[in-house]
1. Counting only residues that are surrounded by fewer than 18 Cβ atoms within 10 Å (Cβ to Cβ) and assigned to a loop (DSSP other than H, G, I, E, B), how many does the range 238-252 have?
2. Which strands (runs of 3 or more DSSP E) sit wholly inside the range 52-149 and have at least 1 residues that are farther than 27 Å from residue 224 by Cα?
3. What are the residues in the range 214-232 that are out of contact with any strand residue (DSSP E or B) (no Cβ under 6 Å at 6 or more places or on another chain) and either assigned to a loop (DSSP other than H, G, I, E, B) or crowded, with 21+ Cβ neighbours inside 10 Å (or both), if any?
4. Quick check on the range 253-272: of everything there that is in contact with a strand residue (DSSP E or B) (Cβ under 6 Å, 6 or more places away or on another chain) and in a helix (DSSP H, G or I), which residue is farthest from residue 218 (Cα to Cα)?
5. In the set 186, 211, 164, which member is free of Cβ contacts under 8 Å to residues at least 40 places away in the same chain and closer than 26 Å to residue 87 by Cβ?
6. Give the residue, chosen from 209, 185, 174, 235, that is under 25 Å from residue 138 (Cα atoms), at pLDDT below 95 and outside any loop (DSSP other than H, G, I, E, B).
7. Determine which single condition residue 120 fails, assuming it passes every other condition in (1) buried (at least 23 other Cβ atoms within 10 Å of the Cβ); (2) closer than 30 Å to residue 268 by Cβ.
8. Quick check on this structure: which one of 161, 157 is farther than 24 Å from residue 99 by Cβ, assigned by TED's automatic domain parsing to the domain that holds residue 106 and not in a loop (DSSP other than H, G, I, E, B)?
């Protein structure tokens with residue numbers, strides 16, 4: 001399943017240069033960096049883990065792409081792929097939009113959950129995908145993350161969560177907000193068993209996700225320049241009536257103010273996570 005999703009997502013276009021006539025570069029061959037505006041061959045960008053070779057900008061990744069670069073070959077097993085989102089509030093066109101994103105991404109919801117091995121050590125993982133409804137957290141997202149945490153607790157293995165979300169999903173109202181408490185309670189039980197939870201925050205980690213499971217890791221790390229916060233910058237400035245620093249709500253700002261343990265480049269992420277897991281997991285003979 002993951003290999004199929006990965007192949008499909010490698011062809012997805014993100015900020016690609018348009019093709020207007022037969023003499024132009026074919027669409028999707030080149031990718032323009034939204035940060036430095038430099039153009040790179042898409043194939044080279046993918047080989048560089050979707051990090052701009054010019055300015056080090058970290059492009060958004062799909063859940064399948066993260067699986068491919070994080071886990072030992074063929075070790076990842078997804079769970080709860082059968083769970084599907086309903087429309088509890090009869091929100092107009094909500095079901096159709098969810099179905100469109102499912103077809104586009106190959107996922108059943110905005111998070112992929114399962115187990116896999118990092119350098120031979122088993123972990124449970126939830127990887128949010130911002131290509132699906134901007135990674136917003138609805139009932140199914142909260143349920144899948146909670147089930148993954150409970151499975152990690154039962155198996156006595158570490159839990160990893162990659163966040164990439166705009167926050168709670170407004171189309172599900174209070175049912176979406178309830179997932180904040182549900183996931184946090186599951187993580188508290190995981191912690192009471194003396195088990196490790198690592199939170200990895202990517203661009204963006206905002207709203208109800210940042211105010212719940214994303215911020216309560218035993219170890220909290222983030223990718224460079226990841227946007228992390230609850231309310232938007234403009235809302236905060238209007239509330240406090242002050243101009244905020246330019247780097248406000250970035251991973252580097254949070255690290256400087258003690259809200260993160262580390263900012264880790266994507267190329268080093270697997271090694272860092274492997275070492276952390278190794279330090280916290282007893283070796284079995």
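The values are calculated or read from the model by the stated rules, or taken from the named source; none is laboratory data. Note that the coordinates shown come from a computational prediction; the quantities given were computed from them, not determined experimentally. Cβ atoms come from the backbone with ideal geometry, glycine included; neighbour counts cover every protein chain shown.
1. Adding up the residues that qualify gives 8.
2. Those strands (runs of 3 or more DSSP E) span 77-79.
3. 216, 230, 231, 232
4. Selected residue: 266.
5. Numbers: 186 fails: free of Cβ contacts under 8 Å to residues at least 40 places away in the same chain; 164 fails: free of Cβ contacts under 8 Å to residues at least 40 places away in the same chain.
So the residue among 186, 211, 164 that is free of Cβ contacts under 8 Å to residues at least 40 places away in the same chain and closer than 26 Å to residue 87 by Cβ is 211.
6. Details: 209 fails: at pLDDT below 95; 185 fails: at pLDDT below 95; 174 fails: at pLDDT below 95.
Residue meeting the stated conditions: 235.
7. The single condition residue 120 does not satisfy is (1).
8. Numbers: 157 fails: not in a loop (DSSP other than H, G, I, E, B).
When all the criteria are applied, what remains is 161.
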